[in-house]
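Working notes for the structure below.
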Amino acid sequence: METKRIILLFSYIVLFSLLSSAMTFTVDGVMYDTGKKNISATVVGFETDDENATISIPDTVDYCGISFPVFTIDYKGGVFLRN
């Protein structure tokens with residue numbers, strides 16, 4: 001019984017630490033950051049060498065089974081809010 005409590009406590013600690021830290025990930029060539037609250041995603045870049053590339057930014061992005069709304073674009077220090 002004590003082993004189960006220790007495992008459960010450890011699981012909560014790991015889950016809390018994951019949820020309280022920012023995640024950075026890439027989906028379809030667009031790089032996102034969730035910030036520390038993990039409630040929305042900010043576009044922070046894209047993976048292409050083509051300066052004339054067209055990038056499509058969705059209203060929401062799915063990562064690890066979680067859907068994050070995309071509200072902002074932060075490109076080279078300038079933040080642009082989505083309409």
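The values are calculated or read from the model by the stated rules, or taken from the named source; none is laboratory data. Not measured: the values here are computed from a predicted model. Surface accessibility is based on the protein's heavy atoms, side chains included, excluding ligands, DNA and RNA. Shrake-Rupley method; radii C 1.70, N 1.55, O 1.52, S 1.80 Å.
Across the stretch 5-10, coupling constants 3J(HN,Hα) worked out from phi with the 6.51/-1.76/1.60 Karplus curve, θ = phi - 60°, read 5, 5, 5, 5, 4, 4 Hz, and Gly and Pro carry x.
Sorting Ser67, Ser40, Ser56 by solvent-accessible area of protein heavy atoms yields Ser56, Ser67, Ser40, largest first, with a 1.4 Å probe.
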